[in-house]
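The structure appears right after this line, and notes come after that.
The values are calculated or read from the model by the stated rules, or taken from the named source; none is laboratory data. In this text the structure is predicted, and so the values were computed from the model without any measurement. Using ideal geometry, Cβ is built from the backbone for each residue, glycine included, and neighbour counts are taken over all protein chains shown. Heavy atoms of the whole protein, side chains included, go into the accessibility calculation; ligands, DNA and RNA do not. Shrake-Rupley method; radii C 1.70, N 1.55, O 1.52, S 1.80 Å.
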Amino acid sequence: MHAFEFYQPTAITFGPGTEEQAGAKAAQLGAKRVLVVYGGESAKRSGLLDRVLASLEEAGLAHETFGGIHPNPRLFQVREGVQKALDFGADLVLAVGGGSVIDAAKAIALGAANPEGDLWDFWLRKRPVERTLPVGAILTISAAGSETSDTAVLTRDDTLVKRGLGSSLLRPKFAIMDPELTYTLPPFQVTCGVVDIMMHTLDRYFTSVTGNLLTDEIAEGLLRTVIACGRRAHQNSRDEQAMSELMWAGSLSHNDLTGLGAPKDFAPHQLGHELSARFDFAHGATLSAVWGSWARYCWETNPARFAQYGVRVWKLDPAGKGEDQLAQEAIAATVDYFRSLGMPTCFTELGCGVQSEAELEELARRCTFYGQRTIGTFRVLGYEDILEIYRLANH
Ligand code: NZQ
Ligand code: ZN
C-alpha cells in the first residue's frame, strides 16, 4: 500500500427534506451573505430554489442568486459569478444543482477570495490555491461527486479547453443530499450519473499498484451496488432505495476512499473530457463511449486485475477459464451494461458520428496538452496510444 493522506472535511446531511437545513448549516459556518448558484430551470421548476431561499431567510442570512450555469460550466459564466459575489460581498457560496453548478460555485468562491490576477491561472497551475470562500452544496443529481470532491472542472469558452483543478481547499464545507431531489431527473441524466459514479471508482481500481485488500473490497462493493441500483433507477427514477444508494455512492466513489493507497489512473476521464470540450456532450456519456476502447487497448497490462474485476464485480464464473478470457468477458459485461442503460459505447452512439483521421489526431493532441503530458498510470498513454483508443471508439 502506498502512503496516502485522506482529508474529507465535508459535513454530509443526508435524507428527505434536508435542504430545509441549508440556512442553519450556512449560519453555523458564520456566513451572513450567501450567493446561491444554480443551473438552468430544474431547481426553479421543482420549487427547490424557493425552499432554499426561504431557509436562508429563516436563518437571517442575506442572499443573492446567480443562475443559468451551463452543463460543462464555462469560464465566462464563472467570471460573471465572481463579479456578482464581489459586488454582493458574499461570504459563502451555496450551489444548488449537480456537478456543473457545484464546480462553478467552487470556482466563483475561489475567484471571489482572490480577485487580483487571472482566475484561469489556477487551472493552469500558475497560481497555488491558498484561500477560498466556503462552499456548501445541495445536490440534485448523483454523478460527478463534486459535493465532496476536491476538484472543479471548467471549460474555456474561447479555446474549448476543459480542465480540472484539484485542491483540498475546494472540498465543500457541507453537502446536503436529499435523494428525493433527484426524482425529477430525465432517465438519460440518471444513467449518465451511473456511468460517472462507476468510472470514478474504475479509474482508481485500474491502477499500477495492487494488493490493497480493503480498498479493493470497498471499490468492488460500491461497483456492485451501483450496477444493481443503476438498473432499477434506469427503470424508475422514483425508486427510493435505488436513488438513495446512488446518491451516497456518488460521493463515496469520488472522495478518494475507493482508491486509497494507490495512484489514480483517470485516463478514460481525460479521453472523455476532450469529447465534452469539443462537442459539449454530457460527461457520463463521453465516459461510456470511450471506456470499452480504453479497456481493450490496456487490459493486457494486467489481465489478472481485469479478471478479478470480472469475478468479483460481475460475478463471472472462473471455472475452466484463464485470466485472459475472464478479462475480456469483464470488459464485455461492462460495455453490455452501459448499452443496456441506453448509454453510448462508441462515437456514433455518442452522437458525433464517425470522425475523420485529422479530427482524431487533433483530439489526441489536445488530450496530451499539445505534447506536454501523458495520461493514466495503469498504462501510461502517450499521443499514439490516445490516438489508437480514439480510433477504436470511432465507429
Ligand atoms: O441546469 P439544470 O436545469 O439544473 O439541469 C441539469 C443539467 O441539464 C439537469 N439536472 C440536474 N439536477 C436535476 C436536473 N434535471 C432535473 N432534475 C434534477 N434534479 O441535469 C443536467 C446535468 O447536470 P450537471 O450538473 O451538468 O451534471 P453532472 O453532475 O453530471 O456534472 C457534470 C459536470 O461535472 C464535471 C463534469 O466534467 C461536468 O462538467 N465533473 C466534476 C467532477 C468534480 N468536480 O469532482 C468530477 C467528474 O469526473 C466530472 O468531471
Ligand atoms: Zn467523472
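For T159, are the conditions met, namely being part of a loop (DSSP other than H, G, I, E, B), under 27 Å from V313 (Cβ atoms), more than 13 Å from the chain's Cα centre (by Cα) and at pLDDT below 95? No. Reported count of residues in the stretch 142-163, each being open to solvent by 20 Å² or more (accessible area, probe 1.4 Å), within 6 Å of ligand 1 (Cβ to nearest atom) and over 24 Å from L29 (Cβ atoms), is 1. Here is the figure for the stretch 168-226: residues that are in a helix (DSSP H, G or I), open to solvent by less than 10 Å² (accessible area, probe 1.4 Å), hydroxyl-bearing (S, T, Y) and away from ligand 2 (no atom under 16 Å from the Cβ) total 1.
In the stretch 31-48, the residues that are under 16 Å from H63 (Cα atoms) and of a type in the set (A, V, I, L, M, F, W, C) reach residues that are near ligand 1 (Cβ under 8 Å from one of its atoms) and in a strand (DSSP E or B) with C-beta atoms within less than 8 angstrom, at least six apart or across chains, in these pairs: V37/G97.
The condition of being touching a Cys at 6+ places or on another chain (Cβ under 9 Å) and either modelled with pLDDT under 95 or under 28 Å from C229 (Cβ atoms) (or both) holds for only one of F378, F338, that being F378. Looking across the stretch 82-121, just one residue is surrounded by 21 or more Cβ atoms within 10 Å (Cβ to Cβ) and basic (K, R), and that is K106. Pairing each residue of the stretch 105-118 that is more than 20 Å from L139 (Cα to Cα) and without any contact (Cβ under 8 Å) to a residue 24 or more places away in the chain with any residue that is among the hydrophobic types (A, V, I, L, M, F, W, C) and part of a loop (DSSP other than H, G, I, E, B), provided the two are 6+ apart or on different chains, yields C-beta distances under 6 Å for A113/L133. Of the residues screened, Y370 is one that is among the aromatic types (F, W, Y), assigned to a loop (DSSP other than H, G, I, E, B) and more than 16 Å from ligand 1 (Cβ to nearest atom).
Selection over the stretch 354-390 of residues that are on the phi > 0 side of the Ramachandran plot and either touching a helix residue (DSSP H, G or I) at 6+ places or on another chain (Cβ under 7 Å) or open to solvent by 60 Å² or more (accessible area, probe 1.4 Å) (or both) gives a count of 3. Looking at L124, L139, just one residue is open to solvent by 10 Å² or more (accessible area, probe 1.4 Å) and over 12 Å from the mean Cα position of the chain (by Cα), and that residue is L124.
Out of the residues in the stretch 173-209 meeting the condition of being farther than 26 Å from P268 by Cβ and of a type in the set (A, V, I, L, M, F, W, C), tell me which one is nearest to ligand 1 (Cβ to nearest atom). Among residues in the stretch 173-209 that are farther than 26 Å from P268 by Cβ and of a type in the set (A, V, I, L, M, F, W, C), the one nearest to ligand 1 (Cβ to nearest atom) is L181. Look at the stretch 190-209: where a residue is among the aliphatic types (A, V, I, L, M) and a partner is within 12 Å of ligand 1 (Cβ to nearest atom) and open to solvent by 10 Å² or more (accessible area, probe 1.4 Å), sitting 6+ places away or on another chain with Cβ atoms under 6 Å, you get V190/S237.
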